[in-house]
Amino acid sequence: MTIGTLLIVSAPSGAGKTTLVNGLLAKDNQVLRSVSYTTRPPRKGEVDGHDYHFVDLSTFTEMRTRGEFVEWALVHGNYYGTSRVWLENQMTSGKDVLLEIDWQGAEQVQREFIDAVGIFIFPPSMEELQRRLHRRATDTEDVIMRRLAVARDEIQHVTEFDFVIINDDLEKALGELIAVVRASRLRVKRQQARFPEVFRFFDQD
């Protein structure tokens, strides 16, 4: 059994997922962020190997064919995937791993890792989501409209997750995310895996 906890964080584009995840990682050094592979080009400031592993379509397709991804998905015209070997190695060594993936990827991962903790970041409203996408100033108007259409579909899958955080107030939402992560470590199976000697002691009674 793996010792680490697998955390899945999903959200519509513009809901604040990356900001919240960065805040969590800054406050909790027990969590590692999984670096996904993607065929999309890097945005300004993104670093290969830190934000994503940027690969071409041919390389991604070859990795997918070899079964190297625990999940993969086509999102906004680009492919994304998570390395199976890296994920299993980190969790076996006791690390908590966080995946930032969409609902399709979450569905795939949860089929293999039934103890994974699913967290959905919810925008306070579609109007606010649209304002945030415009404020980000990284996409054309057509792309923003497509992202909003996709967001309406993504939000329909919220009930497939274990927790929902409404990102209306950033500090409040970050506190809730931290609380979910810390509570997930206290589940019986996780505690049994981390502290087998304690449970063996009580089994003697």
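The numbers here are math on the coordinates, done by the rules we state, and not lab data. Note that this is a predicted model, so its numbers are computed, not measured. Cβ: placed from backbone, ideal geometry, glycine included. Neighbour counts: every protein chain shown.
Remarks
- 5 angstrom amide H check on residue 71, placed H, neighbours 5+ away: 82
- Dividing the helix sum by the residues of the chain, where each DSSP H run of 4 or more adds -39500 (n - 2.57), gives a mean residue ellipticity at 222 nm of -14000 deg cm²/dmol.
- Debye, to nearest 20: dipole size of the chain, +1 on Lys, Arg Cβ, -1 on Asp, Glu Cβ: 300 debye
- Bridgeable aspartates and glutamates around residue 44 (alpha carbons under 15 Å apart, same-chain partners fewer than 8 residues away excluded): 139.
- Calculated from backbone phi, Karplus (6.51, -1.76, 1.60) coupling profile of segment 6-12 in Hz, x at Gly/Pro: 9, 10, 10, 10, 10, 5, x
- Bridging of residue 95 to lysines at a Cα separation below 18 Å is possible for 27, 189, once same-chain residues fewer than 8 apart are set aside.
- Shape of segment 72-205, Cα gyration tensor, a/c cut at 1.5: prolate
- Rounded to 10°, Cα long-axis angle of helix 103-112 versus longest principal axis of the chain: 20 degrees
- Cα-based helix-to-principal-axis angle, 141-155 vs the chain, degrees rounded to 10: 30 degrees
- Listed residue (24, 53, 80) projecting farthest to the positive dipole end of segment 15-88, Cβ model: 24
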